[in-house]
1. Check 318, 334, 361, 292 and return the single one that is at positive phi, in contact (Cβ under 8 Å) with a residue 12 or more places away in the chain and among the small types (Gly, Ala, Ser).
2. Test residue 89 against the stated conditions and say whether it is of a type outside the set (Phe, Trp, Tyr), in a loop (DSSP other than H, G, I, E, B) and surrounded by 15 or more Cβ atoms within 10 Å (Cβ to Cβ).
3. Working carefully through the options 79, 56, find the one that is surrounded by 13 or more Cβ atoms within 10 Å (Cβ to Cβ) and free of Cβ contacts under 8 Å to residues at least 12 places away in the same chain.
4. Identify, by number, the condition in (1) touching a residue at least 24 places away in the same chain (Cβ under 8 Å); (2) under 28 Å from residue 195 (Cα atoms); (3) touching a strand residue (DSSP E or B) at 6+ places or on another chain (Cβ under 7 Å) that residue 167 doesn't meet.
5. If I go through the range 203-218 residue by residue, how many of them are surrounded by fewer than 19 Cβ atoms within 10 Å (Cβ to Cβ) and of a type in the set (Ser, Thr, Tyr)?
6. Considering only residues that are in contact with a strand residue (DSSP E or B) (Cβ under 8 Å, 6 or more places away or on another chain) and not in a loop (DSSP other than H, G, I, E, B), which ones fall in the range 146-164?
7. For the range 1-28, name all the residues that are open to solvent by 30 Å² or more (accessible area, probe 1.4 Å) and aliphatic (A, V, I, L, M).
8. Can you tell me which residues in the range 1-52 are under 18 Å from residue 345 (Cα atoms), part of a loop (DSSP other than H, G, I, E, B) and not aliphatic (A, V, I, L, M)?
Amino acid sequence: MSSNTFGTLFRFTTFGESHGPAIGCVIDGTPPRIPLSESDIQIWLDKRKPGTSRFTTQRKEPDAVRILSGVFEGLTTGTPIGLLIENVDARSKDYGDIAEKFRPGHADYTYWKKYGIRDYRGGGRQSARETAMRVAAGAIARLILNHRLGSEVQIRGALIQLGPHKIERSRWDWAEVNRNPFFCPDAKSTANWETYLDDVRKKGSSCGAIIEVVADGIPAGLGAPVYGKLDADIASALMGINAAKGIEIGAGFEAASLSGEENADEMRMGKNGQVEFLANNAGGILGGISSGQPIVARLAIKPTSSILSPRRTIDIHGKDTDIVTKGRHDPCVGIRGVPVAEAMVAVVLADHLLRHEAQCGPITR
């Protein structure tokens, strides 16, 4: 299997399966002399790890990360950083009944057609378990961004829609995101979401979601037209997340219904000599290059494919059959997808920052 590496100058390669002994990654391109400890990574992994509420899978994985290489006396050395997380709570027996069946909406069938073999234990390499290593890589990407650009760089994600239920954007509060199990910025929506998802979970079903990621403090100039556009790479990074089915930057699809006057992000010179934009329909990116405004991206996450409701399918022998998926699964993978989406945006921004420095030197604000 190829294509397990993401990035250009800052890049990472992941390995491991859902029910294997461990998952891990190797990160290349981290500049030397950046302070790094396991706690710098663990804080972000704890946001993604399973079993943190009744609304996520009850698989109990501590996701304790170990740094195997690339750090000496608390500083990065510039050499490859090796990270490892052991799997400690896999229950492969839960998947015995579907070893020869394909879950509708899942990648079981396409993996089988491509490779002629698949690891049915929790989905193997297809599993969202792999995304823990993306979060780990994202943690290091954040350190690079803060080291180069300062602590004003913030990359934050939130769940803005759960199933058909949307937040009220006028009540957006970033502080609220870490106070509830949904990463929801609207406190009033949280109670309704709890009732809705409890009902979905009790029925053995699942629902989709929409995640929004906002990157603040990114200066103008990141991006490499015409085939290395910043928004194209962000879209690629987010679309590569398990269950992602749609991506928007800025106004996104709504831009199609705007007039030219409405869509134009007009500009004025600010009192501090900096350009001030009067709107941000572009989502902080113009012509594939960051504009200095907040970078805004959204991704739509489909409902979890592993559900208890009987579904029609086929097996590896080409026979019609029915399937019920047991085991421990997220009723909405979008919840734990929030820190994953944050991490992938961080990785792209760190990569583009290093690419900019390689061609143009240090970036200026």
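1. 292
2. Details: of a type outside the set (Phe, Trp, Tyr): yes; in a loop (DSSP other than H, G, I, E, B): yes; surrounded by 15 or more Cβ atoms within 10 Å (Cβ to Cβ): no.
No: the conditions fail for residue 89.
3. Values: 56 fails: free of Cβ contacts under 8 Å to residues at least 12 places away in the same chain.
Testing whether each residue is surrounded by 13 or more Cβ atoms within 10 Å (Cβ to Cβ) and free of Cβ contacts under 8 Å to residues at least 12 places away in the same chain leaves just 79.
4. All conditions are met except number (1).
5. Number satisfying all stated conditions: 1.
6. So in the range 146-164, the residues in contact with a strand residue (DSSP E or B) (Cβ under 8 Å, 6 or more places away or on another chain) come out as 152-163.
Listed by number, the residues that qualify are 154, 155, 156, 157, 158, 159, 160, 161, 162.
7. Step one: of the range 1-28, the residues open to solvent by 30 Å² or more (accessible area, probe 1.4 Å) are 1-9, 11, 13, 15, 17, 21, 26, 28.
The answer is 1, 9, 26.
8. 4, 8, 10, 29, 30
The values are calculated or read from the model by the stated rules, or taken from the named source; none is laboratory data. Since this is a predicted model, take the numbers as computed values, not measurements. Because the Cβ atoms are built from the backbone with ideal geometry, glycine has one as well, and the counts that use them run over all protein chains shown. These accessible areas exclude ligands, DNA and RNA; they are computed on the full protein's heavy atoms, side chains included. Shrake-Rupley method; radii C 1.70, N 1.55, O 1.52, S 1.80 Å.
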